[in-house]
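**Q** If you scroll down you'll find the structure; I have some questions about it.
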């Protein structure tokens, strides 16, 4: 138990060193994950009707989560060597365009 | 394809009854006996170049199987004696070949040559001393036993027998009671069976072997068999049938009382494999069943002899009690435990003793009550052998009590499209001479209503299959129109219309033969009542006009049932839960405390940032409108314009941001 708490403390102190920009992105990742979880719980506990709306909502949350994780990876200074030919502005533009496309599809399927 | 006869319907229900009966384990049927006998009756020829070991083995398996099947085992005596004698005298004689040769000499009634026998017995004794494999001991003791039975060898000494018994004792796995095939080799049921046979042979050739060790081996095997399932215990046996046969042979040859349930398990394994394709499997199945039937506590099997009986006088429930190989068992206590209708299960007769039919061994009967109604019944039967060593056999049999079915008040009415009677047709009584009657012309807008009642004996009845078969006279194609009973189930109706017939059979035929078919398991015979032929108007011919002013039938739409919605409270709860990620997001952002200090300050950049963010908000607003009011064609042009503006603003904003970042670097 002590070891667990020391791991948590060490994680918290290290996380504080993360740039604010990335921590804001983490908040949105958490938000997307929770939204997907609530929808999944509804389908398991209550039912899948209307199924198209569930699919649209769930995949929207998961899609947004994936795109945001990608954005985080591209903006993270720690992984700058992997994306050295990709500027942060380009990553943001890609993120916005991809999300707008995702939302168009989701709105279309939602019914 | 021809018209399926009404009798075909009865065959169908008969097949259903047979299928139900065969779901239980059955002893041998005569057909299965015949099939097995055919499989093993083809004797191999023995040429000069033949492999004597293989030939002897094959002939031995055939002879033994046919003997159990009680078929005249025409063993080619001269050829068998010649090959077996030659094999026994061969310098390359193997132990297994010697075993089969010695067995066959006995079966064929040949005289064992003294010199060859001595050499073969020497080989067997050497194997008993030097080999560590139980399979070799099995063949060796079997060989010596066969030679001793023919007077060609004096047998084993007590010392030799005790030595083999002691070595077998060491191979017993104490927990499972299964024997290992040799030191360091895996345990198997086949080895266990062989070991028991060795003990029996040792008893025969050397008098009483090491009695205590032998008793302990048998006790361990029987105890282990009672604990484990046979399938689990025989996990290491490649050939399950061979293992089961060897085990049963061994158990039958030593004094033992194996668990009857386990014997039943073994019997099921063998009986499930009656339809074998090889001589080896046939031999194993037959030898196993034969051994099983010789045991005092072997399972019995009860089969129905007459699954269909008439409802009227002198109807009997007749069953046959047989052993595993199908031999009738005489003198059992057979009790009918219950007779209950298959549909509702409420018994109509309780426990009653069944009487063995005089002159028919193994056949037991009980007379049905006179008032038994026609229908399908389940009969529970129990049989016990009078000495009470065998376990009681139970069976659930299916019995169809049948009555004569008849059709009453048969009417054919020609109706218009709304069901008003246009014409009532006189039908010859019970369909007699219907084929010769004038054909019925059925206009496009008309339908033929067939109505009738059904009776079983004098009582109204409901049948399982009631259909009108329509057969195209030219093409031979046919279709069925089911007749539906009314609510009281006293009156059946079938409606035939030209459009429905054309829908099923096309427009090739214009003349049809119509037949009412009635079949039921409770009918002693199916009914087939022909109607006059039906004539449809020629294809393309003007359909008969409806009478003017005639109202068409009201169209009733059938809507899909709406899906079940959750209760309001649940919906509200999950709506609340769906909002919670927002609260978590706001809380998390409050903890992270993002600032606006990176927001541009120059006028151009402020305009670009406002345009970019405003454009995104407008696009999402457009999506919402698209969801609520617009279609895709209306949405895409506006999206293009908004997207262009947002892209320009975004490009300006991000370019400025990139420039500032590069300058700072």
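**Q** Quick one: check the C-alpha center-to-center distance for region B:493-526 versus region B:123-150, whole angstrom.
**A** Taking the Cα centre of each part, region B:493-526 and region B:123-150 sit 74 Å apart.
**Q** Taking R0 as 22 Å, what FRET efficiency do you get between residue B:575 and residue B:620 from their Cβ-Cβ distance, rounded to the nearest 0.05?
**A** Given R0 = 22 Å and the Cβ-Cβ separation, E is 0.60.
**Q** Only counting other Cβ atoms within 10 Å, I'd like B:651, B:629, B:284, B:557 sorted with the fewest neighbours first.
**A** Exposure proxy ranking, most exposed first: B:557, B:629, B:651, B:284.
**Q** Mean projection of the alpha-carbon convex hull of the protein assembly as shown over all orientations, in nm²?
**A** If I average the Cα hull's projected area over directions, I get 62.4 nm².
**Q** What order do you get for B:518, B:568, A:96 when you list them from fewest to most C-beta neighbours inside 10 Å?
**A** B:568, A:96, B:518
**Q** To the nearest 0.05, how large is the calculated FRET efficiency for residue B:261 and residue B:175 if R₀ is 35 Å and r is the Cβ-Cβ distance?
**A** 0.95
**Q** With a point put 7 Å past each Cα toward its Cβ, work out how far residue B:593 is from residue B:54 in nm, to one decimal.
**A** 9.2 nm
**Q** Please identify which residues in region B:91-107 have an amide N closer than 11 Å to a label point set 7 Å out from the Cα of residue B:163, following the Cα→Cβ vector.
**A** Inside the label zone: nothing.
**Q** Restricting to chain B, what percent of DSSP beta bridges are antiparallel, rounded to 5?
**A** 95 percent
**Q** Run the simple label-point estimate for residue B:316 and residue A:101 please: 7 Å along Cα→C-beta, distance reported in nm.
**A** 8.5 nm
**Q** Against the longest alpha carbon principal axis of chain A, how many degrees, from 0 to 90 and to the nearest 10, is the axis of helix A:88-110 turned?
**A** So the helix axis and the longest Cα principal axis differ by about 20 degrees.
**Q** I'd like the antiparallel share, as a percent to the nearest 5, of DSSP beta bridges with both residues in region B:301-402.
**A** In region B:301-402, DSSP labels about 90 percent of beta bridges as antiparallel.
**Q** Sticking with this structure for a sec: Ignore the peptide's own chain and count Cβ atoms of other chains within 10 Å of each Cβ in B:610-622; give me the average, rounded.
**A** 1
**Q** Under the rule a/c < 1.5 gives rounded, and otherwise a/b versus b/c splits prolate from oblate, where does region B:101-174 land using the Cα gyration tensor?
**A** prolate
**Q** Then there is this: Label point 7 Å out from residue B:421 along Cα-to-Cβ: which residues of region B:472-515 have amide N under 17 Å?
**A** So the set is B:491-496.
**Q** Which residues in region B:619-649 have a backbone N closer than 19 Å to a point placed 7 Å from the Cα of residue A:70 along the Cα-to-Cβ line?
**A** B:647
**Q** So what's chain A giving for Rg/Rh, alpha carbon basis, Kirkwood Rh from the mean inverse pair distance?
**A** Looking at chain A, the ratio lands at 1.08.
**Q** For chain B, find the longest principal axis of its Cα atoms and tell me its angle to the long axis of helix B:632-664, 0 to 90°, nearest 10.
**A** In chain B, helix B:632-664 runs at an angle near 80 degrees to the longest axis.
**Q** Then there is this: When a footprinting reagent is the concern and you count Cβ atoms within 10 Å, what order do B:582, A:107 take, fewest first?
**A** B:582, A:107
**Q** Once you have a ≥ b ≥ c as the square roots of the Cα gyration tensor eigenvalues for region B:596-664, tell me rounded if a/c is under 1.5, and otherwise prolate or oblate according to whether a/b is larger than b/c.
**A** Prolate is the answer for region B:596-664, as a/c is 1.5 or above and a/b outweighs b/c.
**Q** Normalising by the residue count of region B:322-394, find the relative contact order in percent from Cα pairs under 8 Å and 6+ residues apart.
**A** 35 percent
**Q** To test your reading of the geometry: what angle, between 0 and 90 degrees and rounded to tens, separates the Cα axis of helix B:603-628 from the longest principal axis of chain B?
**A** 70 degrees
**Q** Same structure, new question: Evaluate E = 1/(1 + (r/R0)^6) for residue A:2 and residue A:59, where r is the Cβ-Cβ distance and R0 equals 45 Å; express this FRET efficiency to the nearest 0.05.
**A** Computed FRET efficiency for residue A:2 and residue A:59 comes out at 0.60.
**Q** Find how much the distance from residue B:504 to residue B:342 grows on full extension, using 0.36 nm per residue of separation minus their present alpha carbon separation; answer in nm with one decimal.
**A** So the extension gain works out to 54.8 nm.
**Q** Using Stokes-Einstein with the Kirkwood hydrodynamic radius over Cα pairs, what translational diffusion coefficient do you get for region B:157-297 at 37 °C and a viscosity of 0.692 mPa s, in µm²/s rounded to a whole number?
**A** It comes out at roughly 219 µm²/s.
**Q** Within 10 Å of each Cβ of B:576-585, how many other protein chain Cβ atoms are there on average?
**A** Average neighbour count from other chains, rounded to a whole number: 5.
**Q** Here's another thing I want to ask about it. How shielded is A:37-43 by partner chains, expressed as the average number of their Cβ atoms within 10 Å of its Cβ atoms?
**A** 3
**Q** Would you work out if chain B is rounded, prolate or oblate? Take a ≥ b ≥ c from the square roots of the eigenvalues of the alpha-carbon gyration tensor; rounded if a/c is under 1.5, else prolate when a/b is larger than b/c, oblate otherwise.
**A** oblate
**Q** Label-point separation (nm) for residue B:118 and residue B:489, each offset 7 Å from Cα along Cα-to-Cβ?
**A** Taking the simple label geometry, residue B:118 and residue B:489 are separated by 8.6 nm.
**Q** At 0.36 nm per residue, minus the direct Cα-Cα distance, what do residue B:603 and residue B:473 gain on full extension? Give it in nm, one decimal, please.
**A** 37.5 nm
**Q** Shifting gears a bit: What ranking do B:632-642, B:324-334 get when scored by the average of other Cβ atoms within 10 Å per residue, highest first?
**A** So the order, starting with the most tightly packed, is B:324-334, B:632-642.
**Q** Gain in length, residue B:183 to residue B:538, computed as 0.36 nm per residue apart minus the alpha-carbon separation, to one decimal in nm?
**A** The span from residue B:183 to residue B:538 would gain 118.9 nm if fully extended.
**Q** I would also like to ask the following. As a test of the formula, what do you get for chain B when each DSSP H run with n ≥ 4 contributes -39,500 (n - 2.57) and the sum is divided by the residue count, at 222 nm and rounded to the nearest 500 deg cm²/dmol?
**A** -14500 deg cm²/dmol
**Q** For a distance above 25 Å, tell me the whole-number percent of Cα pairs in region B:43-155 that qualify.
**A** Summing the P(r) of region B:43-155 above 25 Å gives 17 percent of all pairs.
**Q** Seen from all sides and averaged, what is the projected area of the convex hull of the Cα atoms in region B:250-362, in nm²?
**A** Average of the hull's projected areas for region B:250-362 equals 10.0 nm².
**Q** Another question, then. Would you mind putting B:158-164, A:97-103 in packing order, based on average other-beta-carbon counts within 10 Å, highest first?
**A** B:158-164, A:97-103
Taken together, the values in this text are just the output of simple stated rules run on the coordinates, not laboratory data. Here the structure is a predicted model, which means the values were calculated and not measured. Don't worry about glycine lacking a Cβ; one is built from the backbone with ideal geometry, like all the others, and counts go over all protein chains shown.
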